[in-house]
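Novice: Provided herewith is a single structure, encoded as structure tokens, for subsequent inquiry.
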Number of protein chains: 2
Amino acid sequence: MATCNLALIGFGRVNRALAELVDQRNDVLEKECGFRLRVVGVSDLHLGSVMSPNGIDPRALTRAGSEKGAFSKISGGHAAPRTEQVIKQTPSDIIEATYNDGESGQPAISHCQGVLAARRHVITTNKGPVALAASALQGLVKENDVAFEYEGSVISGTPVIRMAKTNLSGVGLNGFQGILNGTSNYVLDRMEEGLTFVDAVKAAQEMGFAEANPTANIEGREVRLKVVILANELLGASLKPADVKLCGISPITASDVEDAKKAGEKWKLVGSASRDEDGSVSAIVEAKRLERTHPLAEISGVTNAIAFQSDLLGTAKVTSPGAGRIETAFAIMADIIAIHRGRTASTKTGAA
Amino acid sequence: MATCNLALIGFGRVNRALAELVDQRNDVLEKECGFRLRVVGVSDLHLGSVMSPNGIDPRALTRAGSEKGAFSKISGGHAAPRTEQVIKQTPSDIIEATYNDGESGQPAISHCQGVLAARRHVITTNKGPVALAASALQGLVKENDVAFEYEGSVISGTPVIRMAKTNLSGVGLNGFQGILNGTSNYVLDRMEEGLTFVDAVKAAQEMGFAEANPTANIEGREVRLKVVILANELLGASLKPADVKLCGISPITASDVEDAKKAGEKWKLVGSASRDEDGSVSAIVEAKRLERTHPLAEISGVTNAIAFQSDLLGTAKVTSPGAGRIETAFAIMADIIAIHRGRTASTKTGAA
């Protein structure tokens, strides 16, 4: 029976959900994928740290309080974070390092660098390290012969990056259009029901769909990072966020929405990229009025969707639930499974 | 530079499209996947046969006429089919064997058996061998250490089987609902516009969406085979077609459609399966009235869609173009790529 040792840098809502999955779904994982997960270390700036080479009881983690230093109450735990020790001194195969603080991608980028330098596989669901530092990180990946996976950075649980890269190879992918932010899509839905922009944002906040400061969602900066990731990953571009034109939904007025409704159309915040005739890739994030028959027109509420355009399949579309904590934790699980399978293969190669 | 040698049993519209892809897209394939395709043999009951260990010019194949014995005009070709020689005497790595004659799955099943017994990988886009003979064929697969791939048997080009099996591992898949037949979906759409059932079927025939004898499509027997394949593949069931209850769209009247329309609902032919509490899988194909918010309600025309239900992701949906010849040929291409990647890995293992 194979065991995969996991360490977590940061213990917010997603990694807490991941600990729940370790607690509840190891039997399913073993049955479907042939291995079990064991958490061997956690470090969180606020909660503190726990390390155990034989595995930490996941239930002790999921039941930990949210007060400062809460991990000190777990057997073997400490009130202080010990990020470096968790990265270097636990027998971890894979380290999840999503924690970030704002839009700089830090400290997630440094954590990913530290993990790769320590020759451990790294997973992140944070857009920052992927959109802002992918090429530097990929250098470390090659140098240290490890993996860097980030399926959850785009539409959380639904593994679109891996699907497009593995199952659409050879299809001649030449662009995509997506509804990649549940908050702004929910706001536009509520405006169709007659709310003003300001009231619709308030409603999204009350529902827990928008943060106290919803600017990054509303202005499309969050979508822009996702578009950069998808364009670079799937279309071979080398875009930076500043290369992507940005027009968020805040200029949309109640009467704009009303006009569209009368014409049977819908306003949506669309992130898209396409390969031009000269082979270059251009990308944009913009609030657009879509005809009823547009593949993204019917995407409602906090649902996400990506329509892929290709030479051989025309338009194929994936629609999925938005960014829930369990869905995002599943993205990490999917990355772990992919690494596990990849590693199995490379172990065999190594033995040859 | 790796080359993959391909032989084709049957040369209907899909394999002709595949020959077009070999002609036009080998450079893309080499760039994206690291190998080129070469057709080394073709046998067709009507057109005849061609074999060449160094590769047949794909353009000679795509330009061949459709008259009986047309392959005799190609250099080295014969007016007679030579199925057994193509299977056993060409240096083929992979053989595509989709040709069938009716609903028995034959001769595609025998062809697949012959190919596997000759220790070649086999690909089919025919539902018959997969829905009716999968377990016998899987026995031959193990015995001969080769692959049996059939991504195109469900919704043609869009690789849903592989997506669900590889990228949704561990998600706790417990059911699916799909719109899996473009003909019946188109017929229902036209009935919403006011056509009678009979006129809507005629319209589908005129558009080339329905065959001269559209019974298998309209009655849902074609969808039933797809449901059997998906339930067995993705939910681990062992269903036979007779285990799946079937209620096609032919009993739906213009007034049924009108009633649904007034209520903001839509009639759809839905194929579904779910895992019950005792672990058993039940499946059904039925014309159903769907609420506007149902994930399949908005699927229009000849589009196909599958909504997957799972523990961790809720509902994730894939929408794709229907069964065009190029789309289906891409499914074969996707299978070839998967086999090529798998074989590379197993070659390495073998060397270990």
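Novice: Only residues that are open to solvent by less than 20 Å² (accessible area, probe 1.4 Å) and either out of contact with any Asp or Glu (no Cβ under 8 Å at 6 or more places or on another chain) or more than 23 Å from A:Val171 (Cα to Cα) (or both): list them for region B:1-25, please.
Specialist: B:Ile9, B:Gly10, B:Ala17, B:Ala19, B:Leu21, B:Val22 - these are the residues of region B:1-25 that are open to solvent by less than 20 Å² (accessible area, probe 1.4 Å) and either out of contact with any Asp or Glu (no Cβ under 8 Å at 6 or more places or on another chain) or more than 23 Å from A:Val171 (Cα to Cα) (or both).
Novice: For region A:169-194, give me the residue count where each residue is under 22 Å from the mean Cα position of the chain (by Cα), among the aliphatic types (A, V, I, L, M), open to solvent by less than 10 Å² (accessible area, probe 1.4 Å) and within 23 Å of B:Val318 (Cβ to Cβ).
Specialist: Summing the residues that are under 22 Å from the mean Cα position of the chain (by Cα), among the aliphatic types (A, V, I, L, M), open to solvent by less than 10 Å² (accessible area, probe 1.4 Å) and within 23 Å of B:Val318 (Cβ to Cβ) in region A:169-194 gives 2.
Novice: Quickly run through region A:91-123 and pick out the residues that are under 20 Å from A:Gly55 (Cα atoms), among the β-branched types (Val, Ile, Thr) and not in a strand (DSSP E or B).
Specialist: A:Val115
Novice: Right, another one. Is it the case, given these coordinates, that A:Val187 is among the hydrophobic types (A, V, I, L, M, F, W, C) and under 30 Å from B:Ala329 (Cβ atoms)?
Specialist: Against the criterion (among the hydrophobic types (A, V, I, L, M, F, W, C) and under 30 Å from B:Ala329 (Cβ atoms)), A:Val187 does not qualify.
Novice: Considering region A:153-186 alone, what residues qualify as being within 12 Å of another protein chain (Cβ to nearest Cβ) and outside any loop (DSSP other than H, G, I, E, B)?
Specialist: Correct list: A:Ile155, A:Val160, A:Ile161, A:Arg162, A:Met163, A:Ala164, A:Lys165, A:Thr166, A:Asn167, A:Leu173, A:Asn174.
Novice: Let me ask you something else. When you scan region B:143-156, do you find a residue that is under 18 Å from the mean Cα position of the chain (by Cα) and more than 23 Å from B:Thr319 (Cα to Cα), even just one?
Specialist: yes
Novice: Being out of contact with any Lys or Arg (no Cβ under 8 Å at 6 or more places or on another chain), more than 22 Å from A:Gly157 (Cβ to Cβ), at pLDDT 95 or above and more than 10 Å from chain B (Cβ to nearest Cβ) is the requirement here; does A:Glu291 meet it?
Specialist: Spelling it out, A:Glu291 is indeed out of contact with any Lys or Arg (no Cβ under 8 Å at 6 or more places or on another chain), more than 22 Å from A:Gly157 (Cβ to Cβ), at pLDDT 95 or above and more than 10 Å from chain B (Cβ to nearest Cβ).
Novice: Taking region A:38-72 on its own, how many of its residues are under 20 Å from A:Val86 (Cβ atoms) and either open to solvent by less than 10 Å² (accessible area, probe 1.4 Å) or acidic (Asp, Glu) (or both)?
Specialist: Counting residues in region A:38-72 that are under 20 Å from A:Val86 (Cβ atoms) and either open to solvent by less than 10 Å² (accessible area, probe 1.4 Å) or acidic (Asp, Glu) (or both) gives 15.
The values are calculated or read from the model by the stated rules, or taken from the named source; none is laboratory data. Quick caveat: nothing in here was measured; it's all calculated off a predicted structure. Reconstructed Cβ throughout: ideal geometry from the backbone, glycine too, with neighbour counts over all protein chains shown. Heads up: the accessible areas ignore ligands, DNA and RNA and are worked out on the full protein's heavy atoms, side chains in. Shrake-Rupley method; radii C 1.70, N 1.55, O 1.52, S 1.80 Å.
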